[in-house]
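First the structure, in the form of structure tokens, and then the observations on it.
The values are calculated or read from the model by the stated rules, or taken from the named source; none is laboratory data. Just so it is clear, the model here is predicted, and its values are computed rather than measured. In this analysis, Cβ positions are derived from the backbone assuming ideal geometry, glycine residues included, and neighbour counts consider all displayed protein chains.
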């Protein structure tokens with residue numbers, strides 16, 4: 001991937017070139033369609049058990065942020081940031097196998113949804129008490145800073161999570177130590193059913209940045225170019241040793257909290273207003289107007305994505321469930337580590353974490 | 001050989017591991033310029049520099065979380081809790097993040113959380129607790145509690161070299177009260193191995209931490225009365241040494257389980273269940289617990305004295321058990 005340097009900006013800030021813009025659309029579509037299949041097909045067929053959380057309406061945040069990442073950067077996506085995993089190198093089939101609780105999936109049936117990680121890919125997953133990844137991102141950033149190669153850690157969390165103590169501790173910690181962390185708040189306006197006015201009393205969360213001694217910025221979270229640019233600028237600052245930034249990306253969750261939730265608490269007018277700001281349609285307009293893609297090419301891309309998902313689902317469904325007795329294996333990391341052996345007698349999927357230490361990846 | 005206090009032995013263990021392995025670093029509150037509330041890390045900032053001896057804001061969750069993040073990136077962080085009572089502020093990071101990470105998706109999480117625990121110094125409810133069982137009940141963690149200077153050094157080294165999160169309970173009462181000759185050469189005390197501190201024949205007292213010394217005092221006292229106590233020092237609570245516990249119980253046929261921690265849900269209950277399940281036929285009397293009562297740790301000396309087990313209480317329990 002080649003990006004063109006913007007002359008007026010600092011040399012480290014890049015603007016997305018045409019191939020990057022096409023990748024943006026590809027990942028937006030792949031994410032949207034994959035989540036629709038998960039939520040409206042596989043879950044309803046009873047093939048996916050447990051909770052199903054999707055990021056419809058906020059795909060641009062993950063895509064915009066992850067596409068700025070460079071070799072050696074680390075990201076901490078949240079539970080609606082499906083695209084980040086794909087962009088960092090997880091195969092869709094591996095991810096779907098995880099949703100389907102398969103034995104040869106990244107977590108071998110131990111974990112659900114997007115609780116998937118791989119240190120080599122620079123992806124550290126959430127735990128369900130959200131906000132807990134922010135301090136962990138500080139630790140990763142501490143190491144990145146010491147390595148001195150200009151790497152950053154990105155961490156995503158929702159606006160509801162900003163009410164937790166861990167967020168305060170981590171933002172203060174990062175600012176005091178000038179750590180290269182970008183705190184990305186996916187503000188989708190509802191934490192489960194709780195609206196923002198019952199979550200915090202400030203008019204805009206951007207004040208949280210200066211409150212800790214770091215810049216605070218807000219962008220339209222349905223505009224992938226705006227997200228990309230804002231993360232790129234915050235990262236450039238962090239890479240230059242100037243410390244963390246807080247970035248709010250505003251959107252609306254165009255789905256329930258989970259698949260069982262009809263989100264009737266979201267006012268209809270609000271839904272209609274934000275439906276007009278669909279991140280995929282917005283980017284398509286840009287691509288068409290800049291003549292980077294034709295209508296026909298966009299339609300073709302949609303078909304390709306659909307076929308890719310068909311293949312990934314078939315691959316994932318063909319994998320076996322874990323063996324029951326594996327429930328007690330791999331609690332401790334010992335020299336004869338269970339995770340280093342293939343699961344259920346089949347080869348380890350290519351994106352399973354087996355080594356401690358980040359892998360150098362190049363987008 | 002050098003004569004070192006329990007506290008100096010911990011410092012020497014940390015020091016040597018930092019010299020041996022550049023991925024080891026320490027972080028916590030007041031540990032750098034000040035050298036730590038108890039001076040465990042005194043001199044380390046001067047020796048190893050600010051990158052490896054990190055003074056942090058008062059943020060236990062951020063400190064533990066940052067250690068986890070660094071561990072995932074290939075480092076071996078050692079966190080100091082100023083008092084183990086304050087570990088509650090980092091609880092979610094320990095039990096939900098660090099403990100479960102390897103099981104959930106496979107990475108190594110090599111890190112140590114160490115700090116002073118225990119009563120006997122009039123610290124009151126928040127500077128005296130023995131809260132080790134919070135973590136013994138969390139699969140994925142290892143929990144150790146050394147009683148001697150030799151073990152303190154050997155266990156801190158083993159903890160740092162382990163690829164799992166280890167919670168290291170130091171006993172503040174022992175910091176400067178015990179001294180021991182420590183070998184010059186490098187050694188570790190393996191996690192998960194108990195030791196018989198004093199062999200005996202009539203009753204075994206199974207314990208850990210500062211209570212090892214209480215048990216030894218009681219054993220010395222009762223020897224004069226012709227009653228022979230064996231004293232087992234667990235050293236590790238998770239995983240614990242089932243083999244040594246059962247061997248001692250079978251040998252003596254009478255068991256006292258002693259700890260400074262409160263009674264309900266304590267280590268004694270776990271060991272009693274183990275012995276009842278696996279050595280029932282070898283027992284000649286009830287399994288007896290000598291523990292603190294189910295209260296917070298009180299401040300005033302008469303209250304704290306009442307709260308804590310001591311040699312007299314152990315001896316009384318032993319005399320009664322001997323009649324079976």
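Residues that are closer than 15 Å to residue A:239 by Cβ and within 9 Å of chain B (Cβ to nearest Cβ) within the stretch A:148-178 comprise A:153, A:174, listed in sequence order.
Within the stretch B:154-180, if we keep just the residues that are within 24 Å of residue B:260 (Cα to Cα), part of a loop (DSSP other than H, G, I, E, B) and over 11 Å from the mean Cα position of the chain (by Cα), the residue that is farthest from the other protein chains (Cβ to nearest Cβ) turns out to be B:177.
Restricting the search to helices (runs of 4 or more DSSP H) fully inside the stretch A:162-256 and requiring at least 1 residues that are under 17 Å from residue A:63 (Cα atoms) and modelled with pLDDT of 95 or more gives A:224-239.
Hey, does the stretch A:294-302 have a residue that's in a loop (DSSP other than H, G, I, E, B) and either at pLDDT below 95 or surrounded by fewer than 18 Cβ atoms within 10 Å (Cβ to Cβ) (or both)? Looking for residues that are in a loop (DSSP other than H, G, I, E, B) and either at pLDDT below 95 or surrounded by fewer than 18 Cβ atoms within 10 Å (Cβ to Cβ) (or both), one finds at least one in the stretch A:294-302, hence yes.
Yes or no, residue by residue, for (1) within 25 Å of residue B:132 (Cα to Cα); (2) at pLDDT 95 or above; (3) touching a strand residue (DSSP E or B) at 6+ places or on another chain (Cβ under 7 Å); (4) not in a strand (DSSP E or B):
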residue	(1), (2), (3), (4)
B:216	yes, yes, yes, yes
B:222	no, yes, yes, yes
B:237	yes, yes, yes, no
B:244	yes, yes, yes, yes
B:247	yes, yes, no, yes
B:274	yes, yes, no, yes
B:281	no, yes, no, yes
B:290	yes, yes, yes, no
B:294	yes, yes, yes, yes
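Of the residues contained in the stretch B:71-84, one or more are found to be more than 12 Å from residue B:112 (Cβ to Cβ), within 14 Å of chain A (Cβ to nearest Cβ) and buried (at least 23 other Cβ atoms within 10 Å of the Cβ). Counting the residues of the stretch B:189-206 that are more than 26 Å from residue B:160 (Cβ to Cβ) and crowded, with 17+ Cβ neighbours inside 10 Å gives 7. Checked against the criteria, residue B:58 counts as closer than 21 Å to residue A:143 by Cα and either within 11 Å of chain A (Cβ to nearest Cβ) or crowded, with 20+ Cβ neighbours inside 10 Å (or both). Among residues that are out of contact with any helix residue (DSSP H, G or I) (no Cβ under 6 Å at 6 or more places or on another chain) and away from every other protein chain (no Cβ under 11 Å), residue A:92 is not included.
Number of residues in the stretch B:61-84 that are touching a strand residue (DSSP E or B) at 6+ places or on another chain (Cβ under 9 Å), part of a helix (DSSP H, G or I) and under 24 Å from residue A:130 (Cα atoms) equals 9. Scanning the stretch A:87-109 for residues that are surrounded by 22 or more Cβ atoms within 10 Å (Cβ to Cβ) and closer than 11 Å to residue A:66 by Cα returns a single hit, A:87.
Residue B:139 meets the stated requirement of being on the phi < 0 side of the Ramachandran plot, touching a residue at least 12 places away in the same chain (Cβ under 8 Å), surrounded by fewer than 22 Cβ atoms within 10 Å (Cβ to Cβ) and at the interface with chain A (Cβ under 9 Å from one of its Cβ atoms). Out of the stretch A:208-240, which residues are surrounded by fewer than 15 Cβ atoms within 10 Å (Cβ to Cβ) and either within 17 Å of the chain's Cα centre (by Cα) or without any contact (Cβ under 8 Å) to a residue 24 or more places away in the chain (or both)? A:210 - this is the single residue of the stretch A:208-240 that is surrounded by fewer than 15 Cβ atoms within 10 Å (Cβ to Cβ) and either within 17 Å of the chain's Cα centre (by Cα) or without any contact (Cβ under 8 Å) to a residue 24 or more places away in the chain (or both). Within the stretch A:109-123, the set of residues being out of contact with any strand residue (DSSP E or B) (no Cβ under 6 Å at 6 or more places or on another chain) and within 9 Å of chain B (Cβ to nearest Cβ) comprises A:110, A:111, A:115, A:116, A:118, A:119. Taken as a whole, the structure places residue A:27 among residues that are farther than 30 Å from residue B:96 by Cα, crowded, with 21+ Cβ neighbours inside 10 Å and at pLDDT 95 or above. When each of A:143, A:136 is tested for being at the interface with chain B (Cβ under 10 Å from one of its Cβ atoms), within 29 Å of residue A:332 (Cβ to Cβ), in a helix (DSSP H, G or I) and out of contact with any strand residue (DSSP E or B) (no Cβ under 8 Å at 6 or more places or on another chain), the lone residue that passes is A:143. Of all residues in the stretch B:302-324, those satisfying the criterion of being in a helix (DSSP H, G or I) and exposed (fewer than 15 other Cβ atoms within 10 Å of the Cβ) are B:302, B:303, B:305, B:306, B:312, B:316, B:319, B:320.
Whether a residue is modelled with pLDDT of 95 or more, buried (at least 24 other Cβ atoms within 10 Å of the Cβ) and more than 9 Å from chain A (Cβ to nearest Cβ) was assessed, and residue B:124 does not pass this test.
Per-residue answers, yes or no, for (1) buried (at least 18 other Cβ atoms within 10 Å of the Cβ); (2) touching a strand residue (DSSP E or B) at 6+ places or on another chain (Cβ under 7 Å); (3) within 14 Å of chain B (Cβ to nearest Cβ); (4) closer than 17 Å to residue A:222 by Cβ:
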| position | (1), (2), (3), (4) |
| --- | --- |
| A:18 | no, no, no, no |
| A:32 | yes, no, no, yes |
| A:53 | yes, no, no, no |
| A:76 | yes, yes, yes, no |
| A:85 | yes, yes, yes, no |
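On the stretch given as the stretch B:36-51, residues that are in contact with a strand residue (DSSP E or B) (Cβ under 9 Å, 6 or more places away or on another chain), in a loop (DSSP other than H, G, I, E, B) and either surrounded by fewer than 21 Cβ atoms within 10 Å (Cβ to Cβ) or not assigned by TED's automatic domain parsing to the domain that holds residue B:145 (or both) total 3. Selection within the stretch A:124-133: residues that are surrounded by 24 or more Cβ atoms within 10 Å (Cβ to Cβ) and over 14 Å from the mean Cα position of the chain (by Cα). The member of this set that is farthest from the other protein chains (Cβ to nearest Cβ) is A:131. Take the residues of the stretch A:91-123 that are in a loop (DSSP other than H, G, I, E, B) and farther than 20 Å from residue A:331 by Cβ: which is farthest from the chain's Cα centre (by Cα)? So, considering only residues that are in a loop (DSSP other than H, G, I, E, B) and farther than 20 Å from residue A:331 by Cβ, the one farthest from the chain's Cα centre (by Cα) is A:102. For first residues located in the stretch B:1-25 and surrounded by fewer than 21 Cβ atoms within 10 Å (Cβ to Cβ), partners that are modelled with pLDDT under 95 and lie 6+ apart or on another chain with Cβ distances below 7 Å form the pairs B:1/B:184. Is it the case that some residue within the stretch A:328-350 is modelled with pLDDT under 70 and under 22 Å from the mean Cα position of the chain (by Cα)? Yes, the stretch A:328-350 has at least one match. Residues in the stretch B:88-118 that are more than 11 Å from chain A (Cβ to nearest Cβ) and surrounded by fewer than 24 Cβ atoms within 10 Å (Cβ to Cβ) were compared, and the one that is farthest from residue A:106 (Cα to Cα) is B:115.
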